[in-house]
1. If you take every DSSP beta bridge fully contained in the chain, what fraction is antiparallel? Give it as a percent rounded to 5.
2. For a test of the definition: using alpha carbon positions, the gyration tensor, and the 1.5 limit on a/c, classify segment 21-221 as rounded, prolate or oblate.
3. Give the angle, between 0 and 90 degrees and rounded to the nearest 10, that separates the Cα long axis of helix 21-30 from the longest principal axis of the Cα atoms of the chain.
4. Say the dipole of segment 21-221 comes from +1 at the beta carbon of Lys and Arg and -1 at that of Asp and Glu; which of Ile124, Leu53, Met186 then lies farthest toward its positive end?
5. How would you rank 376-384, 337-345, 184-192, highest first, on the average number of other Cβ atoms within 10 Å across their residues?
6. Which angle from 0 to 90°, rounded to the nearest 10, does the C-alpha axis of helix 47-58 make with the longest principal axis of the chain?
7. Of Thr300, Ile278, Pro210, which is farthest on the positive side of the dipole of the chain, counting Cα position, with +1 on Lys and Arg Cβ, -1 on Asp and Glu Cβ, and the Cα centre as origin?
8. For the chain, just say rounded, prolate or oblate: build the C-alpha gyration tensor, square-root its eigenvalues into a ≥ b ≥ c, call rounded for a/c under 1.5, and beyond that prolate if a/b exceeds b/c, oblate if not.
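The values are calculated or read from the model by the stated rules, or taken from the named source; none is laboratory data. Remember, predicted model here, so these are calculated numbers, not experimental data. Reconstructed Cβ throughout: ideal geometry from the backbone, glycine too, with neighbour counts over all protein chains shown. With ligands, DNA and RNA removed, areas are computed over all heavy atoms of the protein, side chains included. Shrake-Rupley method; radii C 1.70, N 1.55, O 1.52, S 1.80 Å.
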Amino acid sequence: MRAAIIGETKVRGEVEVGGAKNASLPILAAVLVNSKNINLKRLPSLADVDEMLKLLSASGVKILRKDDIFSFSYSELKGDLSDIPSKIRASILLLGPLALKTGKAVLSYPGGCNIGKRPIDIHIQGLKKLGFTVDVEEEFIKAEFLKAPKEVNIKLPFPSVGATEHLMITSSMMSETTVCLSNCAMEPEIVDLQRFLNSMGAKIDGAGTPNIKIKGVSSFSNVDFKIMGDRIEAGTYIILSLIANGSLIINGIDRKFLNYVDFFQRIGAQVETEKSRIIVKPSKITSFKISTAPYPGFPTDLQPQTTVLACKANGNSIIMENIFENRFGHVEELIKMGAAIKRNGNIIEVKGPKKFKAARLIGKDLRETAAVTLAAIIAEGKSTIENFDILFRGYEKIAEKLQNIGVNIIL
Ligand code: EPZ
């Protein structure tokens, strides 16, 4: 899908963030642990969520939707989903729970944004320690549950978000087993996953710290659950307001998830947080140096968007990407618009401030397309963005929300 954006917009008004994509996807995988009735509120309408719902439905989960509540239940599950190609990375999270429930699971190899090799070795090593065999054959991945250990300690070689979630979900229903995970990822979405699992009767402790302890249980209860707000969507709108010298109120996000706000304040951003909203005012941004890292470090999912902010900052900024080896797809697109960026391996140096001129832009992955969209909104003239629909994977009602704050966008 191609979008046209006529730039130099001073955004203003209010925007509501949706439920967090990166909390929703593991929570949907965790639906498999509980055959009773689960009601989920604030599941965002995103293409990635639709993909996960498709996989759950194919495995035998009954999904009903009434207004903004999705209900899930099942009687029995099917473990072989190999006939469904996976477009999302999070499909891997289904492997452990499905194999445990059905004895054997087969999935297509996970898809997702092309931002690096994205191996799944940490997932596989962890499942093997939990008593599974795992085989990767070309485009399929198979897991078979053999025998549950009584006690097991698993130290993750890297604090992988997905692997932490995958092992939490799988361990939660191994009723004969106590699992201690260490060197875990600490993202807020992992805390939300623990909150969801425990609200159904799981016994998990420590999410949000490097050490998580799971005592498996054999049965779960009905649950009503509301998903946390999307902190990356919120951060994207903060950056939009700052680069457009606009004024925005961003609603629906709890300030406790916004640990990156102090970074923006330190570089001159007029950003205030209240209990569940953010207020952004016109600001003078100075140059900065950031280095992405696992939570509570600077989020890699805001790095492409923050590169656009660096183009508008006064002075030269340095951005280091430490999580993914190929997450600078936005750089060549921004250079088309007049950005002055030099890359050296996983580091880019950005000269600011630069005015952007409109260009024909290409969307390549989710956060890169968000970054080029931000740049088009402040560029002089009419830009076009190919593959704009990539944004529908992770930004709920993005075109409508942008129009509501003054952006001239035509799909
Ligand atoms: C999650 O991806 C998020 N996706 C990503 O958001 C986010 O960028 C990432 O965490 C880091 O915060 C979802 O939650 C659905 P990782 P995930 O496992 O779980 C390496 C977005 O834009 N690694 O923490 O795939 C991996 O290659 C998306 O919303 C292994 O080497 O991230 C990467 O370099 C993009 N082996 C690093 O760890 C493994 O088995 C971090 O990956 C797993 C990961």
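1. Values: 55 of 79 bridges.
Antiparallel: roughly 70 percent of the beta bridges in the chain.
2. It is rounded, given that a/c, with a ≥ b ≥ c, falls under 1.5.
3. Between helix and principal axis, roughly 10 degrees.
4. Of the candidates, Met186 comes out farthest on the positive side.
5. Details: 376-384: 20.7, 337-345: 15.7, 184-192: 23.4.
Answer by packing, highest mean first, reads 184-192, 376-384, 337-345.
6. Rounded to the nearest ten degrees, it is 20.
7. Ile278
8. On the way: a/c = 1.89, a/b = 1.80, b/c = 1.05.
Because a/c hits 1.5 or more and a/b exceeds b/c, the chain counts as prolate.
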